[in-house]
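Inspection log for the structure reproduced underneath, given as structure tokens.
The values are calculated or read from the model by the stated rules, or taken from the named source; none is laboratory data. Since we're looking at a predicted model, the values are computed, not measured. Reconstructed Cβ throughout: ideal geometry from the backbone, glycine too, with neighbour counts over all protein chains shown.
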Amino acid sequence: MHDLRWILEDLPVGVWVRELPNSRPVYANPEFRRIMGVGAAAESLIDDAATTYGIFDRAGNRYPVERLPFSLVVARREPVLVDDMVIHRPDGQRANIRCFGYPAFDSEKNLTHVVVAFLDITKEVKAEAERDQTEARLALAVNHAPIAIWSADRDGLITVSEGAGLAALGVKSGELVGKNVFQLYEDHPTIPGYIRRGLGGESFWYTVAVGDAVYDTWIAPIRSPSGEIAGVVALSNDVSEVRRLQANAIQNDRVIALGTLAASVAHEINNPLTYMLGHARMLQETLENADQVVTGLKGAEGDVLRELVARMRHMLEPICCGTERIAAITRDLRTFSRPGPDEAAIVDVRAVVETVLQLVGKELEARARLSVDLRETAAVRGNQARLVQVILNLVVNAMQALPSDRPEESEISVSTRNDGGDVVIEVGDSGPGVTLVDRERIFEPFFSTKEIGEGTGLGLFVCRNIVRGFSGDVTVGDRQGGGALFRVAIPAMTEADTPAEVSERVASVGTARPSGLVLVIDDEPLVARLLCEQLLAAGYRATTEEDSERALDHLARDGANVDLVYCDLMMKGMTGIDLSEELETRNPAVREKMVFMTGGAFTPRARAFLDGNADRVIEKPFDVVAETDRRLHRLRASRQTRS
């Protein structure tokens, strides 16, 4: 042994030798002392070795005697390997150790010595821990992020397939390994070509749709040490949701642009429409009076006059109907830019549906069997007329989806119910239904599945805008038994929503019409003149002002004598908004008397003003006499309450 010491002294491996059977240490080289932090303890017993040398396992427990390399060699009489020992040195440092134990026998096969070689593997263990941590972090990212990492050999055989991004394909990590990518996507128009380009040596990005999933993929060739292409590796990012959000953003931008245009068009239409419709109504009243006059006339002249009056009334009727229809269309156009409910109040949903069914009952009976299940529901907050428009549109759509010549084979179902915190209205039909592709598109403006000339493509878009203005939504799905089922869900009102929620309608029947002075401010002379004439005919005192600057001076100076002010919102020069803001400083008491008329708010500032002053806004065309009656009653009731 002494002859070999010169070899062992300079080895970069710790060596420790113990003699048997007396089990005493006979040698330890300098590297052993460096690794362990102490030299060999001559009097130490094996049972005390773990304590003497500070030997622990990687979990921090004192190392068991029976698992020490010496003990294992004695027990097994063969070489052993132990690599989970951690030495806690006296200087406070720690070292990870790998030990090789070797038995030494005499000529009679008696175990005489045990030689243990010690290697410091601290750096190796640290590197393994860092690798494991990196792999764990990578696995966490791959298994939770919408990505898929995959590779394939030259023949297209998939060798790696990992990542949460595979879920969109309906598969799990590793599930595609061993399958051939060319066979999996042999019917796909682009994927095989992209992979062949990668196998040809190209590295590039491509976007591909697989079913409903969309992936942005980077692909590159894998090369062998000799430089030959051995396959491809790729990273695919599931961008399906991003693409949907982008499509929604594009659609929203389109709707916003259309909204601005629609509001501008509606504004330009509504001013002439207001005086056309107003004068048409006044002409109807005049003809009624003329009819009473000519009724008492005798002879041929009386007959001629009565015939002329009847013909004028007959010719005036389509004019009134046409202008009313234009007014309805411009109201629909305004939902592009302002979909919220007008004059929101408590609405009985079941009563609204019953009203619609009464309205179209006869036509429904001629088109299909009607199945009705109207259960009691909670109230909702909204505008009743707007909700009637929604339900009527859905019922008419259901009728138009059915063949007109087989009513006995067709069915329309209408139901109401509470569903959690929502009030749900469902309108179904037994028609062809709505395809998955069209279920969102039918709610886009100007999209229609009807024949040319049968629809504007605005109906369902307007319905959804109105319902979303009530904080609800409209969706479409499959009706049980076939056909389409449209579902309107609106949040139900709670007790907290309805403290003193009394309708602001004033019962004018049996109540004397209030008197007062009304000022009409509008830079459209024909509109201002018409409203003034209608108010004068109803017994009000009324005056007009076409210049907003002069109107401001009038109200700032003499506003106390004016009972109600109708002011156009979008005037040239000083707008109604500007005028309102000026009055805040010059005569704030007048503001509560102001009603802002709008034919369409097409600027962000105007829309913001309308949202903040909804109770003092009226849309053209409107019944100025009825509106004046209502608002003057309310103003005077408010003053009496305060006094």
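The table below lists the values:
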item	result
Qualifying residue in segment 202-214 (condition: part of a helix (DSSP H, G or I), under 30 Å from PHE443 (Cα atoms) and of a type in the set (D, E, K, R))	no
Sole exception among (1) outside any strand (DSSP E or B); (2) touching a Gly at 6+ places or on another chain (Cβ under 9 Å); (3) without any contact (Cβ under 8 Å) to a residue 24 or more places away in the chain for GLU130, by number	(2)
Sole residue being at pLDDT 90 or above and either within 30 Å of PRO525 (Cβ to Cβ) or not aliphatic (A, V, I, L, M) (or both), chosen from SER240, SER236, SER264	SER236
Residues located in segment 513-569, provided they are of a type outside the set (D, E, K, R) and either without any contact (Cβ under 8 Å) to a residue 12 or more places away in the chain or more than 19 Å from VAL625 (Cα to Cα) (or both)	LEU536, SER548, ALA551, LEU552, HIS554, LEU555, ALA556, GLY559, ALA560, ASN561, LEU569
Residue list for segment 138-166, restricted to those being more than 37 Å from the chain's Cα centre (by Cα) and surrounded by fewer than 19 Cβ atoms within 10 Å (Cβ to Cβ)	ASP153, ARG154, ASP155, LEU157, THR159
First in segment 201-216 and in contact (Cβ under 8 Å) with a residue 24 or more places away in the chain, second anywhere and among the hydroxyl-bearing types (Ser, Thr, Tyr) and part of a strand (DSSP E or B), Cβ under 6 Å, 6 or more apart	TYR215/SER236
Segment 193-211, subset more than 12 Å from ALA234 (Cα to Cα) and of a type in the set (A, V, I, L, M), residue surrounded by the fewest Cβ atoms within 10 Å (Cβ to Cβ)	ALA209
Filter result for ALA139 (more than 30 Å from ARG98 (Cβ to Cβ) and among the hydrophobic types (A, V, I, L, M, F, W, C))	no
Residue match in segment 182-192 (condition: surrounded by 19 or more Cβ atoms within 10 Å (Cβ to Cβ), in contact (Cβ under 8 Å) with a residue 24 or more places away in the chain and in contact with a strand residue (DSSP E or B) (Cβ under 7 Å, 6 or more places away or on another chain))	no
